[in-house]
Protein chains: 2
Amino acid sequence: METTLNKSTKTHQVITPTQLINHWQGHRSLTRRTIEAFPEDAFFNHTIGGMRPFSEMVMELLGIAAPGIKEIATGEMAPLNEHFEHNNKKEKLLELWDKATDEINRYWTQIKPDQFQNTIKIFGQYEGTVQSSIFYFIDNEIHHRGQGYVYLRSLGIEPPAFYER
Amino acid sequence: METTLNKSTKTHQVITPTQLINHWQGHRSLTRRTIEAFPEDAFFNHTIGGMRPFSEMVMELLGIAAPGIKEIATGEMAPLNEHFEHNNKKEKLLELWDKATDEINRYWTQIKPDQFQNTIKIFGQYEGTVQSSIFYFIDNEIHHRGQGYVYLRSLGIEPPAFYER
């Protein structure tokens, strides 16, 4: 009976909450290695075509990830903050990255399985569902990390393998 | 009773199959507009840091999307093909893009709801589940499109808005 129940529950999910957080944290691990691949000066200053340096994109990701999941888990809303103290030290943003990794994992366990289809106005600004918001967080990270790959290539540096998470 | 059943079914899905295909086709619509934003010559020739022109990334995406979904839906395996006749005409690859859009929608309806957790070796090469394969298709598209955005910016062209699908 329990086997049947588990099978039934499992087989009707496109992706489970646990698979989704592992999927995202796999991406976040790759983004961390992308940050590590940058020389410190280029991380804060290298740009192409008037775009932001990769450090500023990373701060956007930091502003979204843990605060976004905290809002989903707790209902506590805070405005989007994309600025963090770093003193041009990559190590500082890597520390914040790791802190966010732990926070995301902690708040994720508080999200209820029936909550993903709820509507939400994330950061008081963006209307959608919990799932569409989370996929936006992930997709936005992939998008900017892909841009970081071009920055690295333009510096003659090979980025980490995309398929390794 | 039916209301309860619908509610119960709905609320326990992180993302439904219909939401997932709409999510992907939204991304594919944005990628199409990214292709359109390129001047024809730059689409086939512009590169940064020894990377491929955007046209070659787009052919990789064409090689993956419809053939990948066809394999998932039908079980018919074919090797990955990333080369298409285009005679340096953007219009030709846009036609193939639209053909793929229809094919993906058609084969998607043949994927059973309990199939997403099945294991698969896509293109005879990549082991995973149906869901992890589909998310790889989507993530890989977002990744390369983000790179296309840098190419456009380096040409002084504003890419389409990322959040519009």
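Of all residues in chain B, the one whose Cβ lies closest to the rotation axis carrying B onto A, together with that distance in whole Å, is B:G146, 2. Treating r as the C-beta distance of A:L80 and B:K121 and R0 as 56 Å, the FRET efficiency rounds to 0.85. Surface listing: B:Y136, A:Y163, A:Y107 arranged by accessible area from highest to lowest gives A:Y163, B:Y136, A:Y107, probe 1.4 Å. Label-point spacing at B:N87 relative to the other copies reads 6.3 nm, in ascending order, each point sitting 7 Å out from Cα along Cα→Cβ. In nanometers and ordered shortest first, the copy-to-copy spacing of the A:E164 label point, defined 7 Å from Cα toward Cβ, is 3.9. Spin-label point model (7 Å from Cα, Cβ direction): what's the A:N105 to B:K99 distance in nm? Taking the two extended label points, one gets 4.7 nm.
Label-point spacing at A:K121 relative to the other copies reads 5.2 nm, in ascending order, each point sitting 7 Å out from Cα along Cα→Cβ.
Based on DSSP H segments of at least four residues, each scored -39500 (n - 2.57), chain A has a per-residue ellipticity at 222 nm of -20500 deg cm²/dmol. Sorting A:25-36, B:62-73 by average packing, meaning the other beta carbons within 10 Å per residue, from highest down gives B:62-73, A:25-36. The residues packed around A:H143, meaning those with a beta-carbon under 12 Å from its beta-carbon, carry a net charge of -3 if Lys and Arg are +1 and Asp and Glu are -1. Note on B:130-142: average number of Cβ atoms from other chains within 10 Å of each residue's Cβ is 4. Charge tally around B:E60: other residues with Cβ under 15 Å, Lys/Arg +1 each, Asp/Glu -1 each, net -1. What does the charge add up to near B:N22, with Lys and Arg as +1, Asp and Glu as -1, over the other residues with Cβ less than 12 Å from its Cβ? Spelling it out: positives minus negatives among the neighbours equals +2. Averaged over the residues of A:152-159, the number of partner chain Cβ atoms lying within 10 Å of the residue Cβ comes to 3. Phi angles of region A:40-54 translate, via the Karplus equation with coefficients 6.51, -1.76, 1.60 and θ = phi - 60°, into HN-Hα couplings of 4, 5, 5, 4, 8, 10, 6, 9, 10, x, x, 6, 6, x, 4 Hz per residue; Gly and Pro are given as x. Ranked by the mean number of other Cβ atoms within 10 Å of their residues, highest first, the peptides B:147-158, A:121-132 fall in the order B:147-158, A:121-132.
The values are calculated or read from the model by the stated rules, or taken from the named source; none is laboratory data. These figures come from a predicted structure and were not determined experimentally. No Cβ is skipped: glycine too gets one built from the backbone with ideal geometry, and neighbour counts run over all protein chains shown. For the accessible areas, the whole protein counts, side chains as well, though only heavy atoms, and no ligand, DNA or RNA atoms are used. Shrake-Rupley method; radii C 1.70, N 1.55, O 1.52, S 1.80 Å.
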